[in-house]
1. Looking at the structure I just gave you, is Arg397 charged (D, E, K, R), over 17 Å from Val273 (Cβ atoms) and surrounded by fewer than 24 Cβ atoms within 10 Å (Cβ to Cβ)?
2. If I go through the range 568-586 residue by residue, how many of them are in contact with an Asp or Glu (Cβ under 6 Å, 6 or more places away or on another chain) and at pLDDT 95 or above?
3. Inspect all residues belonging to the range 219-240 and state whether any of them is within 30 Å of Phe356 (Cβ to Cβ), polar (S, T, N, Q) and at pLDDT 90 or above.
4. Scan (1) within 16 Å of Glu147 (Cβ to Cβ); (2) at pLDDT 95 or above for the single condition Val84 breaks and write down its number.
5. Given Pro623, Pro672, which one is surrounded by fewer than 19 Cβ atoms within 10 Å (Cβ to Cβ) and either of a type in the set (Ser, Thr, Tyr) or at pLDDT 95 or above (or both)?
6. For the range 516-534, name all the residues that are among the hydrophobic types (A, V, I, L, M, F, W, C), crowded, with 20+ Cβ neighbours inside 10 Å and under 22 Å from the mean Cα position of the chain (by Cα).
7. Name the residue, out of Ala205, Ala143, that is under 22 Å from Ala50 (Cβ atoms) and in contact with a strand residue (DSSP E or B) (Cβ under 6 Å, 6 or more places away or on another chain).
Amino acid sequence: MHGFAARLTDGEAQRMATAPDVSRVYKDRVYHTQATRSPWFMGLHDDFGAWPDAEFGDGVIIGFVDTGIWPERASFNDAGLGPVRSTWRGKCVDALGFNASLCNNKLVGAKSFVTVELDASGLLTDSNPRDIAGHGTHVASTAAGAEVPSADLFKFAGGRASGVARMARIAMYRACNIGCFASDVVAAIDAAVTDGVDLLSMSIAYPAEPFYDDLLSVATFGAEQRGVFVVLAGGNKGPTASTISNVAPWMTTVGAATTDRVFPATLRLGNGVVLTGQSLYNIPFSQSQGAGMIPLVRTSCGEYDLTPDKVMGKVVVCSQDAGASAGFDVERAGGAGIVSVQSTERFWDTVMAQPFPLPGLLLSSAGGKKLADYMSSVAYPVASFNFTCDTVTGENRAPMVAGFSSRGPNPIVPEILKPDVIAPGVNILAAWSGAAQPSDSDMDPRRVEYNIISGTSMACPHVAGVAALIKKRHGDWTPAMIRSALMTTAGPLDKNGRDIVDSGSAVGAAATPMEAGAGLVLPRLAMDPGLVYDAGTQDYVDFLCTLNYTVEQMRQFVPGLSKCARTIPGGVANLNYPSFVVVFDGSTRVRTLTRTVTKVSAQPERYNVTVAAPDGVKVTVTPTTLEFKRVNEKRSYTVQFSSEAGAKVRPAGTWDFGHIAWENRKHRVRSPVAFKWDN
């Protein structure tokens with residue numbers, strides 16, 4: 001991109017917008033960051049599969065636009081790594097508080113672009129790449145952290161830690177502190193692409209806007225033009241529908257899922273009922289001040305509600321979601337413990353652990369209801385905690401889509417299904433900044449080397465790491481081919497072969513593509529997808545032209561464009577994307593879409609199509625068999641979707657789902673299909 005950031009009055013901005021050499025003036029905005037066992041949970045193994053096949057991502061450079069990095073962490077040691085490739089143009093800056101000598105063959109680039117935020121917030125600290133928030137350190141070590149023999153948080157989740165692509169290299173572009181100004185983010189993306197990163201991982205989100213109004217969409221379009229694979233967090237606004245962020249088709253958009261690891265703690269009520277929640281409080285039961293029966297009191301846990309006369313010596317039950325910061329408020333007021341209850345009844349059987357400073361746990365909404373019923377049934381409710389400080393794996397249903405994970409449909413272009421995939425994003429252990437507390441409280445004096453946090457921010461770098469493995473194995477693949485491999489091999493089933501559940505549903509309903517996209521990323525299968533759906537810059541230009549953007553709007557993406565030369569026949573739903581969205585409106589009951597697949601496997605293959613469709617929809621694929629002899633050979637097929645006359649009447653705005661898969665004995669290339677009735 002060619003431009004600059006400036007402080008302007010409204011009048012100055014209006015005058016600049018009319019200058020003959022100015023294409024567009026954007027008002028700055030603030031993006032927000034979205035806050036080990038997970039590589040193994042995704043099926044990665046040291047001795048076989050994607051890790052050794054891709055040499056653990058050795059040499060691939062992942063750029064991170066985030067809050068910076070704490071380079072002293074063991075996750076960023078470069079043992080066993082050779083020099084970075086000679087074509088790499090990045091560097092580590094020398095700045096007050098950050099010495100370039102801290103970089104090595106693991107951390108190969110570190111720059112800062114947070115000057116606008118520093119000015120706006122009045123901070124006096126020099127701009128440097130050091131992470132004072134923890135978020136950037138966490139995501140970088142998740143994607144590409146070195147293997148560390150022993151890592152934990154307060155003895156929880158202890159064991160070997162590894163990034164998904166542990167021999168990939170890291171380049172950090174600090175553009176965020178608490179928030180991220182768009183101008184800083186764009187400058188960071190521009191620098192990363194110029195430096196020569198292979199991938200960009202950005203765990204930031206902003207409510208979706210038309211692409212020409214969204215600087216992140218414009219900047220990542222430029223990155224895709226240069227062959228850089230871009231992966232972004234989908235946002236933490238779930239379970240509300242149509243809250244998904246980062247929805248352009250050249251972006252890979254990631255939702256969050258749970259893993260099979262939990263940190264159980266229990267609350268025994270005075271009537272003998274035992275409620276199980278999760279906690280990172282690390283004093284065992286026998287030593288805990290919450291070991292005996294203690295009076296319970298319910299409050300809002302607001303600042304003015306936690307007074308000593310109300311809570312002294314009692315376990316405080318928060319009537320709204322409360323994190324570890326509320327625990328410090330309770331502790332300061334003399335409370336003996338805290339119970340936080342998920343406020344929405346739509347969250348089913350998934351809880352994010354919190355590092356409470358005093359005895360405390362987080363209950364699901366179902367557990368919270370049982371607690372509330374007990375408290376209203378007796379005059380003097382009491383309870384006791386039991387903290388075993390255990391980490392339990394393999395016993396809970398997983399993965400599930402996290403309740404907070406933002407959902408589709410795509411609010412800008414419904415014909416492009418988002419999110420694309422899901423990845424582990426709940427209770428993720430990774431490296432942490434030495435300047436940041438492990439909780440969300442400024443009163444927290446604790447400092448840790450590793451922290452456990454949750455969000456689509458944590459899911460995004462898992463996908464970046466898998467993409468780095470694919471890039472190492474298939475260095476000539478386009479970003480679209482990598483995205484296709486991730487999507488068409490993703491799993492819609494959990495570890496026990498059942499449908500992945502949407503924990504944003506009160507009843508534990510099966511997740512649809514609106515919550516889970518194509519499913520959970522599976523690295524082993526993504527390394528060898530068989531067929532891919534490819535697309536390039538011209539395809540995305542045609543896509544934007546099909547949206548009827550004006551020439552001025554198009555010039556945000558293609559500065560020299562004089563007019564749209566062509567559009568996509570049949571509309572934007574015909575973009576060669578690895579998923580389908582079919583809209584039946586009042587004008588037609590039949591929709592026909594076309595796709596082209598490229599063979600990337602070595603041997604000649606024949607694929608047969610299988611289809612799953614909801615009642616009342618007929619799907620006809622032509623041809624039903626695809627034969628390939630050579631690598632990079634292409635074949636096209638058409639799909640006719642018919643909403644059959646006489647089928648059950650669906651109200652306007654109704655969605656239903658199915659899939660199309662090309663299969664043989666070795667490969668299964670699966671695309672989710674979403675159907676919408678607008679008539």
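The values are calculated or read from the model by the stated rules, or taken from the named source; none is laboratory data. None of the values given here were measured: they were computed from a predicted structure. For neighbour counting, all protein chains shown are included, and Cβ atoms are generated from backbone atoms with ideal geometry for every residue, glycine included.
1. Yes, satisfied.
2. Adding up the residues that qualify gives 4.
3. Checked the range 219-240: at least one residue is within 30 Å of Phe356 (Cβ to Cβ), polar (S, T, N, Q) and at pLDDT 90 or above.
4. (1)
5. Working: Pro672 fails: surrounded by fewer than 19 Cβ atoms within 10 Å (Cβ to Cβ).
Answer to the check: Pro623.
6. Ala516, Ala518, Leu520, Val521, Leu525, Ala526, Met527
7. Ala143
Every residue, every condition in (1) of a type in the set (Ser, Thr, Tyr); (2) assigned to a strand (DSSP E or B), yes or no:
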| residue | (1), (2) |
| --- | --- |
| Ala602 | no, no |
| Tyr607 | yes, yes |
| Thr610 | yes, yes |
| Asp615 | no, no |
| Lys618 | no, yes |
| Val631 | no, no |
| Ser636 | yes, yes |
| Phe641 | no, yes |
